[in-house]
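The values are calculated or read from the model by the stated rules, or taken from the named source; none is laboratory data. Just so we're clear, the structure is a prediction, and the values are computed from it rather than from any experiment. Note that we place each Cβ from the backbone using ideal geometry, even for glycine, and neighbour counts take in every protein chain shown. Ligands, DNA and RNA are stripped out before the accessible areas are found, and what is left, the full protein with its side chains, is counted by its heavy atoms. Shrake-Rupley method; radii C 1.70, N 1.55, O 1.52, S 1.80 Å.
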Amino acid sequence: MELTSYDLKNFFKTVADLMEEEKDYLCELDRKIGDGDHGVTMSIGWQAVNEILDADLKDEEDCGKISVSVGKTFLSAVGSSVGPLYATGLMRGAKSGKKKNVMSEMDLVQYWIAFARGVKERGQAEVGDKTMVDTLEPFANTLEAKYEQTHDFFEAFEHAVNDAEKGMKSTRDIISKKGRSSRLGDRSAGAQDPGATSAFMILSAFQKFAQKRSAQVS
Ligand code: ADP
Ligand code: MG
């Protein structure tokens, strides 16, 4: 399986559609432990991305440039804490697509590992702080280890997304130590972290997108 620059743009469009569908749910999660805007934030950011995909990026074939532009667009459209976090992920991932109009399975594995680790580095959060890192770190570690072991992209990705889901769900029980929800202290326990949830949605959407793409080709 490989993804062309056209596929990559289509994947980002899929994310924009998904964030529209999940906007209310993500806001509802953020109302419990934050200020209730996570769904709106994601929607605004990804709609801005959607627009640029059909405009400035319409004829762009460099996967790296596409991902950098998507990150920059997200950053300038979004005012809240996830703006720089997701933007860093997208820009770090871009390195494995640099000057390529087709990305291999290995490029995609590197893309998502860099994405996850970029978010962590930018936000300086650790597993257990109740943030998107609780989803992204186990995802990246499993993806890296399983891919090295099996060289099977879909098997590795499936394990990684399963661990991402476990990480997301683990945020239900923990007390927040980072971001706005940390101000709630003990009261932040009992609700799933909105950022951990949107991060899981993006990873799982990529898994489905890649599966569909591979079924079309074979
Ligand atoms: P805001 O908190 O500014 O309202 P959002 O509601 O859009 O921003 O996003 C909140 C999410 O951001 C949290 O659920 C959490 O996952 C994530 N987050 C906040 N701070 C950090 C951080 N330092 N590192 C990683 N993720 C963070
Ligand atoms: Mg918020």
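Taking the stated definitions as given, is Gly79 within 19 Å of Ala94 (Cβ to Cβ) and either open to solvent by 30 Å² or more (accessible area, probe 1.4 Å) or free of Cβ contacts under 8 Å to residues at least 60 places away in the same chain (or both)?
No: the conditions fail for Gly79.
With the requirement that a residue be farther than 27 Å from Lys58 by Cα and open to solvent by 80 Å² or more (accessible area, probe 1.4 Å), what does segment 97-126 give you?
Answer for segment 97-126, where residues must be farther than 27 Å from Lys58 by Cα and open to solvent by 80 Å² or more (accessible area, probe 1.4 Å): Arg117, Glu121, Arg122, Gln124, Glu126.
Here are some residues: Lys58, Lys9. Which one is surrounded by fewer than 15 Cβ atoms within 10 Å (Cβ to Cβ), of a type in the set (Lys, Arg) and free of Cβ contacts under 8 Å to residues at least 60 places away in the same chain?
Lys58
Residues to consider are Lys166, Lys177; find the one that is open to solvent by 50 Å² or more (accessible area, probe 1.4 Å), more than 19 Å from the chain's Cα centre (by Cα) and basic (Lys, Arg).
Details: Lys166 fails: more than 19 Å from the chain's Cα centre (by Cα).
The match here is Lys177.
Looking only at residues in segment 119-137 that are of a type outside the set (Asp, Glu) and over 13 Å from the mean Cα position of the chain (by Cα), which one is nearest to His38 (Cα to Cα)?
Among them, the one singled out is Lys130.
What's the number of the condition Ser76 fails, among (1) more than 16 Å from ligand 1 (Cβ to nearest atom); (2) modelled with pLDDT of 95 or more?
(1)
When segment 170-217 is examined, which residues are found to be more than 8 Å from ligand 1 (Cβ to nearest atom), among the basic types (Lys, Arg) and over 30 Å from Met1 (Cα atoms)?
Result: Arg172, Lys177, Arg183, Arg187.
Take the residues in segment 6-54 that are out of contact with any Gly (no Cβ under 8 Å at 6 or more places or on another chain) and polar (S, T, N, Q); name whichever of them is farthest from Ser104 (Cα to Cα).
Looking at the filtered set, the residue picked out is Ser43.
Go through segment 30-53 and report how many residues are surrounded by fewer than 18 Cβ atoms within 10 Å (Cβ to Cβ), more than 9 Å from ligand 1 (Cβ to nearest atom) and under 15 Å from Ser198 (Cβ atoms).
3
Of these, Asp129, Asp134, which one is more than 16 Å from ligand 2 (Cβ to nearest atom), among the acidic types (Asp, Glu), open to solvent by less than 80 Å² (accessible area, probe 1.4 Å) and farther than 17 Å from Leu90 by Cα? Talk me through it step by step, then tell me what you get.
Details: Asp129 fails: more than 16 Å from ligand 2 (Cβ to nearest atom).
Being more than 16 Å from ligand 2 (Cβ to nearest atom), among the acidic types (Asp, Glu), open to solvent by less than 80 Å² (accessible area, probe 1.4 Å) and farther than 17 Å from Leu90 by Cα holds for just one of Asp129, Asp134, which is Asp134.
From the list Ala94, Ala145, which residue is of a type in the set (Gly, Ala, Ser), open to solvent by 40 Å² or more (accessible area, probe 1.4 Å) and away from ligand 2 (no atom under 16 Å from the Cβ)? Let's see the steps before the verdict.
Details: Ala94 fails: open to solvent by 40 Å² or more (accessible area, probe 1.4 Å).
The unique qualifying residue is Ala145.
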